[in-house]
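Note sheet for the following structure.
The values are calculated or read from the model by the stated rules, or taken from the named source; none is laboratory data. In this text the structure is predicted, and so the values were computed from the model without any measurement. Quick reminder, even Gly has a Cβ in these numbers, built from the backbone with ideal geometry, and neighbours come from all protein chains shown. For accessibility, only protein heavy atoms count, side chains too; no ligands or nucleic acids. Shrake-Rupley method; radii C 1.70, N 1.55, O 1.52, S 1.80 Å.
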Amino acid sequence: RDTTLQPLFKMSYSCSKVGDPHPGLPYKGGNFCAFLPENREGLKTAKLLKKAFERGLTFQIKSCNGEQRVTWGLIPHKTSWDGGKARNGYPDAQYLHEVGTVL
């Protein structure tokens with residue numbers, strides 16, 4: 001079993017911009033963690049995920065209980081050590097192929 005890469009994203013509180021669901025409104029940030037295998041394919045995927053993040057594709061702003069907050073976007077991430085595929089659990093033998101297709 002490979003060791004694991006664990007990217008951590010820290011999103012601060014801010015105001016949404018043009019193109020967001022409610023431009024100018026404040027939104028709540030948060031800490032987001034994901035898991036990737038530290039092997040050749042995992043490192044390749046990490047580089048693609050970094051490009052997606054830099055292009056603003058990793059997260060989105062959604063309304064949750066009347067509050068605007070940052071949430072994961074449409075790119076799938078493994079965010080838990082357990083729970084299997086249905087709960088974004090890591091490891092998942094098909095994940096790197098699936099996220100590579102999305103990216």
**OP:** Using a 1.4 angstrom probe on the protein heavy atoms only, line up Thr79, Thr101 by accessible area, largest first.
**Re:** Thr101, Thr79
Subject >> Dipole magnitude of the chain about its Cα centre (Cβ charges: Lys, Arg +1; Asp, Glu -1), debye to nearest 20 >> reply: 180 debye
Subject >> Most fluctuating residue given options Ala46, Ala93, Ala34, as computed from a GNM of the chain linking Cα atoms under 10 Å >> reply: Ala93
**OP:** May I ask you to list the lysines whose Cα is less than 23 Å away from that of Lys10, ignoring any residue fewer than eight positions away on the same chain?
**Re:** Lys28, Lys44, Lys47, Lys50, Lys51, Lys62, Lys78
Original post:
In whole Å, how far is the Cα centre of the range 24-46 from that of the range 59-78?
Top reply: 13 Å
Original post:
Can you give the accessible area per residue of the chain, in Å², using a 1.4 Å probe?
Top reply: 68 Å²
Subject >> Mean Cα-pair separation over length for the range 8-102, i.e. relative contact order, pairs under 8 Å, 6 or more apart, % >> reply: 22 percent
Subject >> Qualifying chymotrypsin sites (Phe, Trp or Tyr not before Pro) for the range 41-95 [loop in DSSP, other Cβ within 10 Å: at most 12] >> reply: Trp81
Original post:
Percent of accessible area on the chain owned by carbon and sulfur, 1.4 Å probe?
Top reply: 52 percent
**OP:** Apply the Karplus parameterisation 6.51 cos²θ - 1.76 cosθ + 1.60, with θ equal to phi minus 60°, to every residue of the range 51-56 and state each ³J(HN,Hα) to the nearest whole Hz, in sequence, with x for glycine and proline.
**Re:** 4, 4, 4, 4, 8, x
